[in-house]
């Protein structure tokens, strides 16, 4: 049988260990995604209410992805490209964070929640106007837009 | 005839643990090779847009085909009611499951997106023979697993006949399906032949039995259990018939192709002008993997020698791997016939014989498939009663007289 | 947030774009022609259409690779694969030179996905990632592609490529990435907007006019009229795949 002393000692250790992650995260207010370029409309910040989009954006994107990819529907609602264009913004120096860095809109939450996404294996993590510049500077031999005159 | 007594192997010798450690490290090396290939992409391999299936597929298809063949002994005992094969039937199911596991591991770890395996398991395009095979492979685990159970648990013995029969039908479908992966490729000169299905069935008989025989011989030798001539001779004679069967199908395949002018190009490539593929075909597949084992099995002197038969079995396995290499890599190396009667050239390697140099990572991944298989077998016979204590003649053969 | 508000927002944006297209359409004749096969963004690709191409090999200039360059630019391939060997790099379209063994006659032609009606790549794909749209465009749904490469084994035209390394900075209209297979999709994103594929446009800009794009199911389309008048062959017609890309002068 465990003596009361031993029991108390174990209890203290247990409570200490449980509290550790809480203490170490003290002051952490959760992810801080960068601000979007603009409000979607006069009376809505995003295409859906914020709570809805936070919870369901993956379903919306998936539905849209199949419609566009397999059926050729090209409307802009719930399109990943539109999300990126509005949400992935440069910092004050004009630099863009890349997916994986905490400052990138998508990674700001996904890093925090440790949820991995495949999107950016195939899709650009930057708006096209920023990606275009990087493409041509990365690859001087690349045929960029309007290469043919 | 005494009822066979099944018993776990002791498996506490240094050698046993060394064997497990060795096999385990090869399996780990395969996993390492997989992460190396997946980390940055397949550019680290020798595979490319011309040779899209490489060494991993050679090993994977070989192991999957052999899995079905390893079930031979169980099938013969249950379906054809040959009591002499009964003692080895449980081991036969174990080896079959282990081979399929090894083969599928290699196949899956070579996918471009193995992380999406769940997609392959849940979304099926039923016109794809690949999708059918997904069902065949999963079903094989289930059916052969149940079959093994009916044999191992005494009060379920009465169901083992029906389970064995189901497994027999299923494995024929599985191997036909695997062969048809190639048989259904209309685009490629080297494939697109109905004979691929049945040829793969016979190949499975041969490769699977060779591996099974090797496992039986090694296990009984290392555990000092008796393995009588009656069982041994039966298995090795059967193996000889299967090796001859494979040779027959290879002859039939190439003769058919030689008759049709449109296939002359690819036939000349494999049989005469293909460099490494021609050499592998004649020296590796035909002579080393076919004729020499046949001679060893049926020669009056070597036919009695356990060592000679072990060598023959090893040669059959190597020859089988080479045959897969010639079929899979050789078939892709020969250029696609886009414009019959015309010479073709482009920036995308049209009209040229495609080259392939396998890398270490691919080889390790493939060999890892074998390691996983053997590890599973070695471990399972220690913890479960798969092996009869004795395969001595008087224990096996009802008509044996001393 | 009511739905109609969002719809209105989209409608405003859509109207603005339509105006831009209309503005352009007044200028060169080619674009006027294109608007004829436009669908609205919300419409699904329809089986009432079957998009196809007709390539006149006699008009195809042997040294010219404008169609290839235009495809690279449009879909951003051909430069980002820095680790891959030449044999491993993707090619969506290529110029092929063919020489008749008997006569020595040399021809040059662009070769890409032939958009078969009964496509072997679609048949063999285990997950249905290799797919054909209602309007006949054959493409890979990379979201569910597992990278097994069976479609590459099955394609008679060697039209497919596997991505052997990590990519970045893809075009919004041409996502492509590691471990998946890709090929020409007839510039589906352009076709959906009523434009010609980039290769066809480049060929016409180069004044060669060897490539004609249009609806094979519309008897009055330029491509149907030309096919009816002068015919068009399929590559590997023996396979009976009823390709959407046809050639003249083979």
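Table for the structure above
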item: Residue in the stretch C:214-233 that is within 14 Å of chain B (Cβ to nearest Cβ), in contact with a strand residue (DSSP E or B) (Cβ under 9 Å, 6 or more places away or on another chain) and surrounded by fewer than 24 Cβ atoms within 10 Å (Cβ to Cβ) present; result: yes
item: Counted residues, the stretch A:46-55 - those being more than 8 Å from chain C (Cβ to nearest Cβ) and surrounded by fewer than 15 Cβ atoms within 10 Å (Cβ to Cβ); result: 5
item: Residue within the stretch C:213-236 that is part of a strand (DSSP E or B) and free of Cβ contacts under 8 Å to residues at least 40 places away in the same chain present; result: yes
item: Of all residues in the stretch B:34-43 being surrounded by fewer than 22 Cβ atoms within 10 Å (Cβ to Cβ) and facing chain C (nearest Cβ under 8 Å), the one that is farthest from residue B:113 (Cα to Cα); result: B:43
item: Residue list for the stretch B:222-232, filter: free of Cβ contacts under 8 Å to residues at least 60 places away in the same chain and part of a helix (DSSP H, G or I); result: none
item: Within the stretch B:270-284, tally of residues that are surrounded by 20 or more Cβ atoms within 10 Å (Cβ to Cβ) and under 16 Å from residue B:255 (Cβ atoms); result: 2
item: Hits in the stretch C:97-121 (condition: buried (at least 22 other Cβ atoms within 10 Å of the Cβ) and facing chain B (nearest Cβ under 9 Å)); result: C:98, C:111, C:120
item: Count of residues meeting criterion [buried (at least 19 other Cβ atoms within 10 Å of the Cβ) and more than 7 Å from every other protein chain (Cβ to nearest Cβ)] in the stretch B:334-350; result: 3
item: Selection from the stretch B:81-110 of residues that are outside any helix (DSSP H, G or I) and buried (at least 21 other Cβ atoms within 10 Å of the Cβ); result: B:110
item: All positions within the stretch B:292-304 that are surrounded by fewer than 15 Cβ atoms within 10 Å (Cβ to Cβ) and assigned to a helix (DSSP H, G or I); result: B:295, B:304
item: Residue under evaluation residue B:340, criteria (1) under 25 Å from residue B:63 (Cβ atoms); (2) touching a residue at least 60 places away in the same chain (Cβ under 8 Å), criterion not met; result: (1)
item: Residues being part of a helix (DSSP H, G or I) and either surrounded by 21 or more Cβ atoms within 10 Å (Cβ to Cβ) or within 7 Å of another protein chain (Cβ to nearest Cβ) (or both) - total across the stretch A:116-130; result: 4
item: Residue match in the stretch A:33-40 (condition: at pLDDT 90 or above and within 11 Å of another protein chain (Cβ to nearest Cβ)); result: no
item: Options B:254, B:263: the member that is free of Cβ contacts under 8 Å to residues at least 40 places away in the same chain and either surrounded by fewer than 19 Cβ atoms within 10 Å (Cβ to Cβ) or within 24 Å of the chain's Cα centre (by Cα) (or both); result: B:254
item: Every residue from the stretch C:123-161 that is closer than 21 Å to residue C:237 by Cβ, in a loop (DSSP other than H, G, I, E, B) and more than 9 Å from chain B (Cβ to nearest Cβ); result: C:136, C:137, C:159
item: Number of the exception - residue B:136 against (1) within 14 Å of chain C (Cβ to nearest Cβ); (2) farther than 19 Å from residue B:70 by Cα; (3) not in a loop (DSSP other than H, G, I, E, B); result: (2)
item: Residues (in contact (Cβ under 8 Å) with a residue 40 or more places away in the chain and either more than 10 Å from chain B (Cβ to nearest Cβ) or over 18 Å from residue C:170 (Cα atoms) (or both)) located in the stretch C:68-87; result: C:69, C:70, C:71, C:73, C:74, C:75, C:76, C:77, C:80
item: Condition met for residue C:33 (modelled with pLDDT of 90 or more, more than 14 Å from chain A (Cβ to nearest Cβ) and either more than 30 Å from residue B:353 (Cβ to Cβ) or in contact with a helix residue (DSSP H, G or I) (Cβ under 8 Å, 6 or more places away or on another chain) (or both)); result: no
item: Total residues in the stretch C:184-194, condition modelled with pLDDT of 95 or more and in contact with a helix residue (DSSP H, G or I) (Cβ under 8 Å, 6 or more places away or on another chain); result: 3
item: Positions within the stretch C:202-250 being closer than 18 Å to residue C:64 by Cβ and in contact with a helix residue (DSSP H, G or I) (Cβ under 7 Å, 6 or more places away or on another chain), in sequence order; result: C:202, C:203, C:204, C:206, C:209, C:210, C:211, C:212, C:213, C:248
item: Test: residue B:193 is away from every other protein chain (no Cβ under 14 Å), over 22 Å from residue B:67 (Cβ atoms) and in contact with a helix residue (DSSP H, G or I) (Cβ under 9 Å, 6 or more places away or on another chain); result: yes
item: Residue list for the stretch A:81-113, restricted to those being away from every other protein chain (no Cβ under 11 Å) and farther than 16 Å from residue A:33 by Cβ; result: A:92, A:93, A:94, A:95
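So that you can scan it fast, the table gives a plain yes or no per residue for (1) under 18 Å from residue C:184 (Cα atoms); (2) modelled with pLDDT of 65 or more; (3) in the same structural domain as residue C:197 (by TED's automatic domain parsing):
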position	(1), (2), (3)
C:4	no, no, no
C:7	no, no, no
C:13	no, no, no
C:54	yes, yes, yes
C:62	no, yes, yes
C:75	yes, yes, yes
C:80	yes, yes, yes
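The values are calculated or read from the model by the stated rules, or taken from the named source; none is laboratory data. None of these values were measured; they are calculated from a predicted model. When we count neighbours, we look across all protein chains shown, and the Cβ atoms used for this are built from the backbone with ideal geometry, even at glycine.
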